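FYI, it's all coordinate maths here, none of it is from the lab. If you're wondering where the values come from, they're calculated on a predicted model, not measured in any experiment. Methodologically, a virtual Cβ is constructed for each residue, glycine included, from the backbone with ideal geometry; neighbour enumeration extends over all protein chains shown.
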Amino acid sequence: MQGSLRQRGNRSWELRVLNGRDALSGRNAYLQETMHGTKREAETELARFVTEVGDGAHASACSCAVQAQGRRHGVLVLIGTANRSQV
């Protein structure tokens, strides 16, 4: 699994993990979450997040909230984000 860390604010970090490919578009699919803390804490959380996604635990443990929906080539496309506060 690949993961990346990006600073969003003073103590805000975006964590992204590659989660395979999207079946419809063929593009890379990413899971992401935002956290607040130091860079060291963010690196530790990223390592845990990468492991969790690699083990498949993240997809089954998250409750997804639908953000938007649309149609592409006659197929309903749902775009959701993981709600980490309920895990």
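List of remarks:
- Formal net charge of residues neighbouring Ala47 (Cβ-Cβ distance under 12 Å; K, R +1; D, E -1): -2
- Positive dipole terminus of the stretch 3-61, leading residue within Thr38, Thr51, Val17 (C-beta point charges): Thr38
- Each peptide in 44-54, 16-26 was scored by the mean count of other Cβ atoms within 10 Å over its residues; highest first, the order is 44-54, 16-26.
- Dipole magnitude of the stretch 3-61 about its Cα centre (Cβ charges: Lys, Arg +1; Asp, Glu -1), debye to nearest 20: 260 debye
- Local electrostatic count at His36 - Lys and Arg +1, Asp and Glu -1, tallied over other residues with Cβ under 12 Å: -1
- Taking the alpha carbon gyration tensor of the stretch 3-61, multiplying each eigenvalue by 5 and rooting it gives semi-axes of 22, 14, 8 Å, largest first.
- Taking other residues whose beta carbon is less than 11 angstrom from the beta carbon of Trp13, and scoring Lys, Arg as +1 and Asp, Glu as -1, yields +1.
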